[in-house]
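The values are calculated or read from the model by the stated rules, or taken from the named source; none is laboratory data. This is a predicted model, so every value here is computed, not measured. All Cβ positions, glycine included, derive from the backbone under ideal geometry; neighbour counts span all protein chains shown. The accessibility values were calculated without ligands, DNA or RNA, using every heavy atom of the protein model including side chains. Shrake-Rupley method; radii C 1.70, N 1.55, O 1.52, S 1.80 Å.
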Amino acid sequence: MADAGPMPLSFEVDGRPVEVADDGTSLLTVLREQLGHRSLKDGCSPQGQCGCCTVLVDGQPRVACVTPARRVRDRSITTLEGLPTESAQRWAEAFCATGASQCGFCTPGIVVRLHALRAKGTAVDDLGAVEQALLAHLCRCTGWRTILDAWQADSAPASRDLDAASRRATIEGRSPQRVAPDVALGLGGFADDTAPADALVAVPDGRGGWAVAETLEEARANAGKIQGRRTTTPAAPPLDLPPGDWDATLRTSWVEPAYLELDASWCAPDGEPATPLANGGAFGGKTDSVAAAAARELARQHGRTVRVVLAREDSVRLGPKRPPIAGGVRADGTGVIRVVHTPGIAEAIHRVAPKIQIEEVEVSGPPTSVNVRAAGWAEALILLAGTSDRPVEIASPEGATARARVVLGPEPLVEVQVRCGQPLDEVVLRSYCIGASHMALGWVSNEALAVDPDGEVHDLTIRSFGVLRAVDTPPIEITLEPDDGPPVNGSDAVFAAVAAATWIAQGRPTDWPTGQRIRG
Ligand code: FES
């Protein structure tokens, strides 16, 4: 008699009974790949570190990518799609009204977690409990503080011009961004969500090619997927300071853009590939993504629609990093910046600091890009700000200005004033400025990628990049200064100003990350 195989697994998803093969698959794979629940996002599977695939198992939040499906046999799963409609809508409006969702990739998991927290009876003013709950999540865009605002939002949102809000978001994100309540429900239009279900799936094979199969699981198995890991290799600035008598010196490390939505695209034969920048370009981190070109070429080769999706470790290996620098400057604006060779970086620095000499250096390491947020010019202006004791004021190449004050210690605070033309939408502009402040705090204090002398990247897990957690992020107060001029990007100037003010408040240590705490 033929072996009937293991008994199928039965459980409930959003109130409906389902039955799937008991083959050791993760709950994320079952829900997203087999049952088509696209509200669950995959930001790091199988690392279990980003929280984007959070669901409720018998009412308790669980990260689906590290939950074997077999563990939920006979249990009840609730995804974001299964929350009561009124409740989901209320969260969506609260997130939109407070600017708590930008790209919206991390938000579905956070909404599920906050829903569970509220169902437990957590008080609206218990922000400590919310910060603790957010420890299971990562958000690269918002800087957390607006998520705390969304938790507390209780009134119906004021009417807003969401087209104007989307225009401001697009200026700040430097790629198309849509502002609407449904973005918070995971409907930002991400390429990996819109791919046809019958598309072939391609993943990097680790040898410079692609493993192609009928399913994501199969493709990853064929690629011999390498698990993300931490390392004992120290993260350190790779360049030596230029010799000289300097008033300020700075050495930065390799920094991972660490966007939550992984690179993905899909393409039909002879079609146009879906953009990996559907609702956000990860502040420049994804501008050079390999996904779209690969989808086009693989669709041509196979004569079928092909979906290309990178795993977290692929994105760390293949994606561009912020170019490390080592520089010294004098108070008169002269100096030398050494920078890892990157097309366009010398021009970016020269634009804001014409008296600084630039030396590009060939270093073994991951790819770098001038397109990541404020690359080169931020470092130059930060160094120059470090030569004086005046309050930090940064003027961006596009004409935005930002002033920042950073207080560290038990009562930390970040205060920012920004002027960047007509706001178009104050909620969105404030949200991007808070997000930029959060990114700057992390860049100075925590963020680095371990790269060995042969250029191999050793940190492959998303937690190892040092993104500042909600519990470590201080209150961030943004003042938008009146300006009737044409709108220009303001958050990049804020990013540079907060980084400079943080560094100065920490005593201007030469090497970043400084390792100093922001809060506490
Ligand atoms: Fe959280 Fe973009 S809104 S990662």
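The set of residues from the range 87-102 being open to solvent by 20 Å² or more (accessible area, probe 1.4 Å) and within 6 Å of the ligand (Cβ to nearest atom) comprises just one member, Ser101.
Here the range 177-211 is the region considered, the condition is being open to solvent by 40 Å² or more (accessible area, probe 1.4 Å) and more than 21 Å from the chain's Cα centre (by Cα), and the residue that is nearest to Leu27 (Cα to Cα) is Ala197. Among the residues of the range 33-60, the one identified as outside any loop (DSSP other than H, G, I, E, B) and out of contact with any helix residue (DSSP H, G or I) (no Cβ under 8 Å at 6 or more places or on another chain) is Gln34. In this entry, Leu277 passes the filter for residues that are open to solvent by 30 Å² or more (accessible area, probe 1.4 Å), touching a residue at least 24 places away in the same chain (Cβ under 8 Å) and within 14 Å of the ligand (Cβ to nearest atom).
Filter the range 1-59 down to the residues that are of a type in the set (D, E, K, R) and either over 27 Å from the mean Cα position of the chain (by Cα) or surrounded by 21 or more Cβ atoms within 10 Å (Cβ to Cβ) (or both) and list them by number. Full working, then the answer.
Going through the range 1-59, the residues of a type in the set (D, E, K, R) turn out to be 3, 12, 14, 16, 19, 22-23, 32-33, 38, 41-42, 58.
Listed by number, the residues that qualify are Asp3, Glu12, Asp14, Arg16, Glu19, Asp22, Asp23, Arg32, Lys41, Asp42, Asp58.
Of the residues making up the range 465-500, those that are out of contact with any helix residue (DSSP H, G or I) (no Cβ under 6 Å at 6 or more places or on another chain) and buried (at least 24 other Cβ atoms within 10 Å of the Cβ) are Gly490, Asp492, Ala493, Ala497. Close Cβ contacts (under 6 Å, 6 or more residues apart or on different chains) running from residues in the range 98-120 that are in contact (Cβ under 8 Å) with a residue 60 or more places away in the chain and more than 16 Å from Gly188 (Cβ to Cβ) to residues that are within 9 Å of the ligand (Cβ to nearest atom) and not in a loop (DSSP other than H, G, I, E, B) are absent. Taking the criterion of being more than 23 Å from the chain's Cα centre (by Cα) and open to solvent by less than 20 Å² (accessible area, probe 1.4 Å), the residues of the range 60-75 that qualify are Thr67, Ala69, Val72.
Can you report the number of residues in the range 258-267 which are in contact (Cβ under 8 Å) with a residue 60 or more places away in the chain and more than 16 Å from the ligand (Cβ to nearest atom)?
The first filter runs over the range 258-267 and keeps only residues in contact (Cβ under 8 Å) with a residue 60 or more places away in the chain, leaving 258-262, 264-266.
Still in the running and more than 16 Å from the ligand (Cβ to nearest atom): 265-266.
Qualifying residue count for the region: 2.
Could you check, for the range 125-140, whether at least one of its residues is at pLDDT 95 or above, among the hydrophobic types (A, V, I, L, M, F, W, C), away from the ligand (no atom under 16 Å from the Cβ) and open to solvent by 10 Å² or more (accessible area, probe 1.4 Å)? Yes. In the range 280-313, of all residues being over 25 Å from the mean Cα position of the chain (by Cα) and in a loop (DSSP other than H, G, I, E, B), the one that is nearest to the ligand (Cβ to nearest atom) corresponds to Thr305.
Only residues that are of a type in the set (Ser, Thr, Tyr) and open to solvent by less than 70 Å² (accessible area, probe 1.4 Å) were counted across the range 141-174, and they come to 4. Take the conditions (1) under 30 Å from Ser388 (Cα atoms); (2) of a type outside the set (Phe, Trp, Tyr); (3) within 16 Å of the ligand (Cβ to nearest atom); Gly173 misses just one of them, which is (1). Being crowded, with 24+ Cβ neighbours inside 10 Å and of a type in the set (A, V, I, L, M) is the filter; apply it to the range 283-297 and report the residue that is modelled with the lowest pLDDT. Selected residue: Ala291.
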